[in-house]
1. Which members of region 239-274 meet the condition of being over 24 Å from the mean Cα position of the chain (by Cα) and open to solvent by less than 10 Å² (accessible area, probe 1.4 Å)?
2. Just for region 141-153: of the residues that are within 14 Å of the chain's Cα centre (by Cα) and not aromatic (Phe, Trp, Tyr), which one is surrounded by the fewest Cβ atoms within 10 Å (Cβ to Cβ)?
3. Cβ-Cβ below 8 Å, separation at least six or inter-chain, first residue in region 449-474 and basic (Lys, Arg), second open to solvent by less than 70 Å² (accessible area, probe 1.4 Å): which pairs?
4. For region 6-104, give me every one of the helices (runs of 4 or more DSSP H) that falls completely inside it and has 2 or more residues that are within 28 Å of Pro149 (Cα to Cα).
5. Could you list, in sequence order, all residues of region 1-19 that are in contact (Cβ under 8 Å) with a residue 12 or more places away in the chain and aliphatic (A, V, I, L, M)?
6. Only residues that are open to solvent by 50 Å² or more (accessible area, probe 1.4 Å) and assigned to a helix (DSSP H, G or I): list them for region 552-584, please.
7. Do you know which of the residues in region 586-600 that are open to solvent by less than 50 Å² (accessible area, probe 1.4 Å) and outside any loop (DSSP other than H, G, I, E, B) is nearest to Val539 (Cα to Cα)?
8. Can you confirm whether region 627-634 contains a residue that is of a type in the set (D, E, K, R), surrounded by fewer than 17 Cβ atoms within 10 Å (Cβ to Cβ) and within 17 Å of Ala532 (Cβ to Cβ)?
Amino acid sequence: MCFLLGARLLTLFRAAPGPLAERALLSIGVGHVAFAHVVLLLGLVGQLYTSRIVAAAVLCAAVSHTELGFLGRCLARLWHKVRALRLHGTAGVLYAFIGLWLLVGLLNALAPPGWLDWDGLSHHLAVPREYIRRHTIAYVPWTSHSNFPYATQMLFTVGLMLRGAAAAKLFHFAYAPLSLVALGVLCRRFLPAGCGPFAAAAYCCIPLTGWLAGVAYVDLGSAFFTILAVHFFLAWAVDGDRKGLARAGLACGLGMCVKTQVGMVLAILLCLAVLAALLRRDSVLRSVGRIAAAAGIAAAVCWPWYLKSYLWTGNPVYPFAYSVFGGRNFSAADAEAYTKHQKHFGMPPRARQAPTDPEPASPRSLANLVLLPWNATVYPRHFHVKVRPQITYACGAIGPMFLAFILPVVFVRGKPPAVRWLLAFVGVFLLGWFFVMQLARYLLPCLAVACVPVAYCLWLCWTYGGVIRAMAATLLTVSCLGAMAWLTHCSLPQVGVALGLESHHAYLYKTFEVYRASQRFDRLTPPSAKVATYGEPRVFYIDRQVMWADPGHHQMIQYSQMKSGERLVARYRELGITHVLLAPAMVRRLADRRDEAPLLALLRDAFHKDLLWVPEEMRPTLLDTYAIAVVDYREPLSDKKRE
């Protein structure tokens, strides 16, 4: 349905590219975002019901039936291409690896979200579930993330309503094969024959991509639209396609509906367009018009999400740019803490061993900028959220392919013009990422584009033969095996539940402590309960009203202005909070009297005065180390409660 809808819209606006593969990929992207806008509209008017969603999908398919012929041509071309694939030699091995990678990634995506899916359970799925509970899309005050562009989350909403969380994850996984096809199409147009399989394999060799393919995030979508945008930019800059720059703006606009970060991609491409116009000595007026048109098209596509954020919070890019726009339910201190959190990723400064040692370099020093390719490859733990060491390493790893093959391409003479533009894009993106936020996941759009120069370098190595080819083949083999080993390690516990051999409940109860805590909370509390969580934002499985209560997310509870546990509990009463869920780390911090954080002081005071109390059945156990505290403000305390 999304394919037909996107193809129809491209036909109506006369924006469809000529080549069949490019038109098909753009149709899928346009259709996904267009249907997300339909779901958004239904939610804003309070019609977020399964019957309304199904009716809207049927209506979209009906108005797009004229594109069935195009769909038939695409399927026929796809069948022809599959039959013509060379399944022997190097290409055959790479295709086998890519197919196996997709199969194992699909198993991960079919499993319910668990221990690897932090942001998905925190807000990518939790906020859509809140929308479904209300049957409307409205302001969610307890997480600033709900004001991000939510096009992919609208598709998650559809998946949750129809088939649950595993179905929602498939929408994100779908961007993985789409990105692989997009890389192949780009290589076929701008690079020598045979580069496509190398580019797709390089994308699969990124451990970060393997992890993302199995979780309910949005980064694979932003990478897909970045590949499309760069493709159409090259069509304009290299092949002289007059509408190429406009289509690049369209792809960026679609990406900005998925993730605000794609705005940086748009800015880079527009700057490169200025450079291309100067090098070609194009007419100034015509160049300005085309660049402005590309920016205008991007804005025309993504404006609903930024207008929604502005109307609800007063800030179109909430909670970013707080010093410029301000924002509802946020403060300057929250914004400063948020920025500090973003800046802490990267190489940490080394401690000085002696007073005479030189001052340690900051994460954004010139030395770290020069060493960035090496550091990002060898020390991935510094570029990811600190959780379990092995998870931090694998989920933040980019693999050795880029360090080994990008730099040699820079010095290769006679490389195709497209490769030069791609290297320029990668360099500028890397520079912006270095100074803004050095989180490995935010580097994925750049890595996806960098797979093309990597593929060109691998193709050159294969052409040269001899020792060079042997060394390149060895590194490629090691990268493929490493990526496959990590993906298999993640998928093995999930095979049974993905294939339907084990129930979702049994799998999650066995493997995921947060699920056990959520089930116990639902069992021990009435349906009318409302819980404030401390130290645990993964609230998707709690079937009650929830609220992140940790400082820094919002201003609903202003801890800095409270002096006693009575004031804290009074605010709980104003918000309707009946229970408090304490994560194991928060329980340990409460027991550690040396930790004098203001929040902990308030909670300790409330517990000391019996304003909060933990019943016997709600205390931590060996299987469930979470504590559930009851907010006791409606009745006098009994002796049993005091005990």
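1. Once the filter is applied, which keeps residues that are over 24 Å from the mean Cα position of the chain (by Cα) and open to solvent by less than 10 Å² (accessible area, probe 1.4 Å), region 239-274 yields Gly244, Leu245, Ala273.
2. Our first condition is that a residue be within 14 Å of the chain's Cα centre (by Cα); within region 141-153, this holds for 145-146, 148-153.
From what is left, the residues that are not aromatic (Phe, Trp, Tyr) are 145-146, 149, 151-153.
Details: His145: 20, Ser146: 23, Pro149: 26, Ala151: 27, Thr152: 27, Gln153: 29.
Step by step, filter region 141-153, then rank; the result is His145.
3. Arg469/Cys461; Arg469/Trp462
4. Details: elements: 20-44, 50-63, 68-83.
Helices (runs of 4 or more DSSP H) meeting the threshold: 20-44, 50-63.
5. Our first condition is that a residue be in contact (Cβ under 8 Å) with a residue 12 or more places away in the chain; within region 1-19, this holds for 1-11, 15, 17, 19.
Within region 1-19, Met1, Leu4, Leu5, Ala7, Leu9, Leu10, Ala15 meet the criteria.
6. The answer is Ser560, Gln561, Glu566, Arg567, Arg571, Arg573, Glu574.
7. Met586
8. Of all residues in region 627-634, those of a type in the set (D, E, K, R) come to 632, 634.
This time we only want the ones that are surrounded by fewer than 17 Cβ atoms within 10 Å (Cβ to Cβ), so: 634.
Those still in the list that are within 17 Å of Ala532 (Cβ to Cβ) too: 634.
Yes, that holds for at least one residue.
The values are calculated or read from the model by the stated rules, or taken from the named source; none is laboratory data. As the structure is a prediction and not an experimental result, all values here were calculated from the model. Ideal geometry is used to build each Cβ from the backbone, glycine not excepted, and the neighbour counts take in all protein chains shown. Ligands, DNA and RNA are stripped out before the accessible areas are found, and what is left, the full protein with its side chains, is counted by its heavy atoms. Shrake-Rupley method; radii C 1.70, N 1.55, O 1.52, S 1.80 Å.
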